[in-house]
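> What follows is a structure written as structure tokens; I'll ask about it next.
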Amino acid sequence: MYEVRDISLAPSGERKIKWVERNMPILGRIAEEFRQTRPFEGLRVALSVHMEAKTAWLCRVMAMGGAEMHVTGCNPLSTQDDVAAAVAAGGIDVHAWHGATEEEYTSHLCAVLESRPNIIIDDGGDLVHLMHTKYTDYIPDVIGGCEETTTGIHRLKAMAARGELRFPMVMVNEADCKHLFDNRYGTGQSVWDGINRTTNLIVAGKCVVVAGYGWCGKGVSMRAKGMGAKVIVTEVDPVKAIEAVMDGFVVMSMDEAAALGDIFVCVTGCCDILTARHFEKMRDGAIMCNAGHFNVEISLDDLAAMAAERYEARSNIEGFVMPDGRSLFVLAEGRLVNLASGDGHPAEIMDMSFAIQARSAEFLSKNRHLEPGVIPVPREIDRAVAFTKLETLGVSIDTLTDGQREYLGI
């Protein structure tokens, strides 16, 4: 059973999947192992991750390990219909299409949860939230799950603090081989891929305002600087603000930066980063986009209420004409610009992230009586993925001698 826009698009999606497969060697090695060990034999896995080619390859690797996969997207604009069709044509239960309404998006999430999953792989926390609100009767079947994002982990920690989380969730995003590379290098490159593809404008010489200097914000700022932009960083954390200063960026409040920016990139994971008081100050032609998980960082309600007119300026760019004649532009409806306007993170980056996902799910399958709560990725998984990545790069490193280990107290 599947719900996709057009199953005839499968050949196009298949080509995309084959391309990323050849560029994701760590996951390829795990696939070979899973074919032999079948760690998910007899288990149902519900997955909600951006439905594009890298995710499709992860789904197939899990299926090779014996998993009965039930999959959907985690953002209405990041699903690629040809990839969803290829996943369905390959025999995996998929419910996803590009441009889903809120009702359709929720329906797709519900469809995968109605499989009564044993393992959940989540991106942003929507599956886990629904499981705890609508499908509580299914919770006894759940061994545990994995969460891909900073935003999702924030939601999980809040649930755990309230005593509401009823099964273990592995914090995949906290693994070094995830956030140090995916969040910094993956987001850093893919955000600008999405912006440049959508706007066809130069970055050099422009003033770029980056809201948030976590790992994602570091990557976005670094790439903007590399393309010749003047970069302003806004922050609420004093330590991160100092980091940004010492990395060579100008730091100020958004109230100050609003009047200076040509391009604004929100990457905080919080709501109401750009609101009416900022829109009032922005230059004519200012471009805004979001790289946080949910479309809450740019207040589109404020913008719509202020606008005398709104129009499609270009595919995936909406213009808002202010009463004084200024035009402000929003990319991809304020949703994740790197996926709603692009192909997401590079394949080699997601190879590491999804290797952590696959190994963490395997860890859950082998440890079925863990206590409810948020748990870190086991250190040995992180290190194993790192060593495999080095092997695929043809890089060797030193090993401590016995004397060195004794000196360090290891």
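> In the list Phe320, Phe294, which residue meets the criterion of being open to solvent by less than 50 Å² (accessible area, probe 1.4 Å), outside any helix (DSSP H, G or I) and not β-branched (Val, Ile, Thr)?
One residue alone meets the criteria, Phe320.
> Continuing with the same structure: Between residues in region 298-312 that are touching a residue at least 24 places away in the same chain (Cβ under 8 Å) and residues that are open to solvent by 50 Å² or more (accessible area, probe 1.4 Å), which pairs lie under 8 Å by C-beta distance while being six or more apart or on different chains?
Ser299/Asp272; Leu300/Glu333; Met306/Glu280; Met306/Pro323
> If the requirement is being part of a strand (DSSP E or B), open to solvent by less than 10 Å² (accessible area, probe 1.4 Å) and out of contact with any Pro (no Cβ under 7 Å at 6 or more places or on another chain), which of these qualifies: Ile121, Ile30?
Ile121
> Would you please name the residue that is surrounded by the fewest Cβ atoms within 10 Å (Cβ to Cβ), looking only at residues in region 56-73 that are free of Cβ contacts under 8 Å to residues at least 40 places away in the same chain and either part of a helix (DSSP H, G or I) or in contact with a strand residue (DSSP E or B) (Cβ under 6 Å, 6 or more places away or on another chain) (or both)? Outline the logic, then answer.
Of the residues in region 56-73, the ones free of Cβ contacts under 8 Å to residues at least 40 places away in the same chain are 59, 63-64, 66, 69, 73.
Next, from what is left, pick out any that are either part of a helix (DSSP H, G or I) or in contact with a strand residue (DSSP E or B) (Cβ under 6 Å, 6 or more places away or on another chain) (or both): 59, 63-64, 69.
On the way: Cys59: 26, Ala63: 20, Met64: 17, Met69: 26.
Ranking the qualifying residues of region 56-73, first place goes to Met64.
> Can you tell me which residue is farthest from Glu371 (Cα to Cα) among those in region 136-149 that are buried (at least 19 other Cβ atoms within 10 Å of the Cβ) and touching an Asp or Glu at 6+ places or on another chain (Cβ under 9 Å)? Steps first, please.
Filtering region 136-149 for residues buried (at least 19 other Cβ atoms within 10 Å of the Cβ) gives 142-149.
Retained after the next criterion (residues that are touching an Asp or Glu at 6+ places or on another chain (Cβ under 9 Å)): 145-149.
Numbers: Gly145: 12, Cys146: 14, Glu147: 16, Glu148: 20, Thr149: 21 Å.
In this case the residue turns out to be Thr149.
> Okay, moving on. Can you spot a residue in region 210-221 that is free of Cβ contacts under 8 Å to residues at least 24 places away in the same chain, open to solvent by 10 Å² or more (accessible area, probe 1.4 Å) and part of a helix (DSSP H, G or I)?
At the first step, the residues of region 210-221 found to be free of Cβ contacts under 8 Å to residues at least 24 places away in the same chain are none.
The answer is no; no qualifying residue exists.
> While we're here: Do we find that Glu174 is surrounded by fewer than 21 Cβ atoms within 10 Å (Cβ to Cβ), out of contact with any Ser or Thr (no Cβ under 7 Å at 6 or more places or on another chain) and among the charged types (D, E, K, R) in this structure? Break it down stepwise before answering.
Values: surrounded by fewer than 21 Cβ atoms within 10 Å (Cβ to Cβ): yes; out of contact with any Ser or Thr (no Cβ under 7 Å at 6 or more places or on another chain): yes; among the charged types (D, E, K, R): yes.
It is true that Glu174 is surrounded by fewer than 21 Cβ atoms within 10 Å (Cβ to Cβ), out of contact with any Ser or Thr (no Cβ under 7 Å at 6 or more places or on another chain) and among the charged types (D, E, K, R).
> Oh, and also: When region 83-114 is examined, which residues are found to be open to solvent by 10 Å² or more (accessible area, probe 1.4 Å), touching a residue at least 40 places away in the same chain (Cβ under 8 Å) and either of a type in the set (Phe, Trp, Tyr) or out of contact with any helix residue (DSSP H, G or I) (no Cβ under 9 Å at 6 or more places or on another chain) (or both)?
Trp97, Ala111 - these are the residues of region 83-114 that are open to solvent by 10 Å² or more (accessible area, probe 1.4 Å), touching a residue at least 40 places away in the same chain (Cβ under 8 Å) and either of a type in the set (Phe, Trp, Tyr) or out of contact with any helix residue (DSSP H, G or I) (no Cβ under 9 Å at 6 or more places or on another chain) (or both).
> Also, quick follow-up: If I filter region 33-42 for residues that are of a type outside the set (D, E, K, R), on the phi > 0 side of the Ramachandran plot and surrounded by fewer than 18 Cβ atoms within 10 Å (Cβ to Cβ), do I get at least one hit? Walk me through how you get there before you give the answer.
To start, the set of residues in region 33-42 that are of a type outside the set (D, E, K, R) comprises 34, 36-37, 39-40, 42.
Narrowing further to those that are on the phi > 0 side of the Ramachandran plot: 42.
Narrowing the set further to residues that are surrounded by fewer than 18 Cβ atoms within 10 Å (Cβ to Cβ) leaves 42.
Checked against the condition, which is being of a type outside the set (D, E, K, R), on the phi > 0 side of the Ramachandran plot and surrounded by fewer than 18 Cβ atoms within 10 Å (Cβ to Cβ), region 33-42 yields at least one hit.
> Go through Gly269, Gly194 for me and flag whichever is modelled with pLDDT under 95, within 25 Å of the chain's Cα centre (by Cα) and not aliphatic (A, V, I, L, M). Before you say what the answer is, go through the steps one by one.
Details: Gly194 fails: modelled with pLDDT under 95.
When all the criteria are applied, what remains is Gly269.
> Test of understanding: among Glu52, Glu3, which residue is in contact with a helix residue (DSSP H, G or I) (Cβ under 9 Å, 6 or more places away or on another chain), within 24 Å of Gly125 (Cβ to Cβ) and open to solvent by 40 Å² or more (accessible area, probe 1.4 Å)? Spell out how you get there, then give the answer.
Details: Glu52 fails: open to solvent by 40 Å² or more (accessible area, probe 1.4 Å).
Going through Glu52, Glu3 in turn, the sole match is Glu3.
> With the structure loaded, tell me whether Met254 is in contact with a helix residue (DSSP H, G or I) (Cβ under 8 Å, 6 or more places away or on another chain), surrounded by fewer than 22 Cβ atoms within 10 Å (Cβ to Cβ) and within 23 Å of His154 (Cβ to Cβ) or whether it fails that test.
Working: in contact with a helix residue (DSSP H, G or I) (Cβ under 8 Å, 6 or more places away or on another chain): yes; surrounded by fewer than 22 Cβ atoms within 10 Å (Cβ to Cβ): yes; within 23 Å of His154 (Cβ to Cβ): yes.
Judged against the criteria, Met254 is a match.
> On the given criteria, is Thr187 assigned to a helix (DSSP H, G or I) and surrounded by fewer than 22 Cβ atoms within 10 Å (Cβ to Cβ)?
Considered against the rule, which asks whether it is assigned to a helix (DSSP H, G or I) and surrounded by fewer than 22 Cβ atoms within 10 Å (Cβ to Cβ), Thr187 comes out as no.
> Note down all Cβ pairs under 8 Å where the first residue falls in region 376-404 and is open to solvent by 50 Å² or more (accessible area, probe 1.4 Å), the second is not in a helix (DSSP H, G or I), and they're at least six residues apart or on different chains.
Sorted first by the residue in region 376-404, then by its partner, the pairs are Pro376/Val170; Pro376/Met171; Pro376/Ala175; Leu400/Ile410.
> Just to check your reading of the model, which residue among Cys110, Cys146 is of a type in the set (A, V, I, L, M, F, W, C), out of contact with any strand residue (DSSP E or B) (no Cβ under 7 Å at 6 or more places or on another chain) and on the phi < 0 side of the Ramachandran plot?
On the way: Cys146 fails: out of contact with any strand residue (DSSP E or B) (no Cβ under 7 Å at 6 or more places or on another chain).
So the residue among Cys110, Cys146 that is of a type in the set (A, V, I, L, M, F, W, C), out of contact with any strand residue (DSSP E or B) (no Cβ under 7 Å at 6 or more places or on another chain) and on the phi < 0 side of the Ramachandran plot is Cys110.
> A further question on this structure: Being crowded, with 18+ Cβ neighbours inside 10 Å and among the small types (Gly, Ala, Ser) is the requirement here; does Ala313 meet it? Lay out the reasoning, then the answer.
Working: crowded, with 18+ Cβ neighbours inside 10 Å: no; among the small types (Gly, Ala, Ser): yes.
So Ala313 fails the test.
> Go through the residues of region 263-283 one by one and say whether even a single one is open to solvent by less than 60 Å² (accessible area, probe 1.4 Å), part of a loop (DSSP other than H, G, I, E, B) and among the aromatic types (Phe, Trp, Tyr).
To start, the set of residues in region 263-283 that are open to solvent by less than 60 Å² (accessible area, probe 1.4 Å) comprises 263-269, 273-276, 278-279, 282.
Going one step further and asking which of them are part of a loop (DSSP other than H, G, I, E, B), we end up with 267-269, 273, 275, 282.
Next, only the ones that are among the aromatic types (Phe, Trp, Tyr) stay: none.
No; the residues of region 263-283 include none that is open to solvent by less than 60 Å² (accessible area, probe 1.4 Å), part of a loop (DSSP other than H, G, I, E, B) and among the aromatic types (Phe, Trp, Tyr).
Each row is one residue, and each column tells you yes or no for (1) more than 22 Å from Ile7 (Cβ to Cβ); (2) of a type in the set (S, T, N, Q).
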{"position": "Ala53", "(1), (2)": "no, no"}
{"position": "Leu58", "(1), (2)": "no, no"}
{"position": "Met69", "(1), (2)": "no, no"}
{"position": "Ser78", "(1), (2)": "no, yes"}
{"position": "Val83", "(1), (2)": "no, no"}
{"position": "Ala86", "(1), (2)": "no, no"}
{"position": "Arg116", "(1), (2)": "yes, no"}
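> Has region 156-170 got any residue that is within 13 Å of the chain's Cα centre (by Cα) and assigned to a helix (DSSP H, G or I)? Steps first, answer last, please.
Filtering region 156-170 for residues within 13 Å of the chain's Cα centre (by Cα) gives none.
Checking region 156-170: not a single residue is within 13 Å of the chain's Cα centre (by Cα) and assigned to a helix (DSSP H, G or I).
The values are calculated or read from the model by the stated rules, or taken from the named source; none is laboratory data. Note that this is a predicted model, so its numbers are computed, not measured. Here the Cβ is made from the backbone with ideal geometry for all residues, glycine too, and neighbour counts use every protein chain on show. Note: accessible area is taken over every heavy atom of the protein model, side chains too, but ligands, DNA and RNA are not part of it. Shrake-Rupley method; radii C 1.70, N 1.55, O 1.52, S 1.80 Å.
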